Every structure is written in C-alpha cells, then in structure tokens.
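Below is one structure, written out as structure tokens; the observations come after it.
Laboratory data are not the source of any read-out in this text; all were calculated from the coordinates shown. Given the structure is predicted, the values throughout are model-derived calculations rather than measurements. With ideal geometry, Cβ positions are generated from the backbone for all residues, glycine too; neighbour counts draw on all protein chains shown.
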Amino acid sequence: MPNMQDQGAGGARGVRRRRGQRHVATSLSEINIVPMVDVMLVLLIIFMVAAPMMQRGFDVSLPVARRADPIAAERLFITVPLSFRTDQLVQVGDDSVPVAVLDERIRQELLERSDRDVFLRGDGAITFQELMSVLDVLTAGGVSDVGLVADFPVER
C-alpha cells in the first residue's frame, strides 16, 4: 500500500497547507520599532545632558546705559481689609492709614519711586463700591496704574 502522506492533496510535492492558512511575507506585515527606540534613547541622553545647563543658565555681559532709570525693588501694596466698612482704614504696606488722608500718603510714597504703579488687594467680602472708592482716592493721589491682586482658585 502506497504512503499517501508523501503526496499532497493537491499533487504538490513536499508542501503542506492547512485549511484557511495563507502565506504572507513576514517582513511586510510587521513594523520594525528598533530604529525608533534607538532614536528615542539618543534624544533622552541629549536632554539629560542639556537639562543641567539650562537650569544653571549662561553668563551674559549686559550693555550699560548711562540714562537708564533705576528699577524699583518693591511694588507698593494697598490692602483693603474687611474692617474697612467700620473704621475706614486701609493698609499701605504695613501701616494702617485712614482713607481720608490716603491720597496725601500715596503722594509721599510715590515721590521717591520712579514708577507710579500700585497693587490693590481687597478682602473677598468687600463690595465693589468700597473697592472703587479706594481706587478713586488712589488716582487722586497720583497713581497711574492700579493692579488688582487675586488668588488662583483652588482645584478640587
């Protein structure tokens, strides 16, 4: 009795195929990621070497100007506390000042400063009208720009 396993079902010699199996070239169906990983590792090493240099900074020789105005070291903060409703006191820096003499105090503070900007802080419970009354006194005192100071909301 002849051996039937030597001859394929289709008559082809030595080639066996199962049902539903197709012959596909493996080199075209797979993506080679080894070069991408190599490039990513090289970039990682470059950034690891460059990061300490960016934190330290570079030495720069700045130009010198003879007519430059000095930069004010500290801004002037005006604080309107919640007690403003009862006692009409605001804080200029660390000093409590009645709002009636605030314009004169601001003029004195701005004489020695090159910038005429102040920052206005107000309690959260202060009404907009009370804040605007202090803002009017500040502009009467010679303030050119007023920055309103606020906190960032807390994310939950």
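A few remarks follow.
- For the range 130-144, putting each phi into the Karplus relation 6.51 cos²θ - 1.76 cosθ + 1.60 with θ = phi - 60° gives couplings of 5, 5, 5, 5, 5, 5, 5, 5, 5, 5, 5, x, x, 6, 8 Hz, in residue order, rounded to whole numbers and with x for Gly and Pro.
- For the pair Arg107 and Val39, label points projected 7 Å from Cα toward Cβ lie 6.9 nm apart.
- Listing Glu104, Glu130 from fewest to most neighbouring C-beta atoms within 10 Å gives Glu104, Glu130.
- Full extension of the chain between Asp117 and Asp94 yields a length gain of 6.5 nm, computed as 0.36 nm times the residue separation minus the alpha carbon distance.
- Modelled FRET efficiency - R0 22 Å, Val146 with Glu74, Cβ distances, 0.05 increments: 0.85
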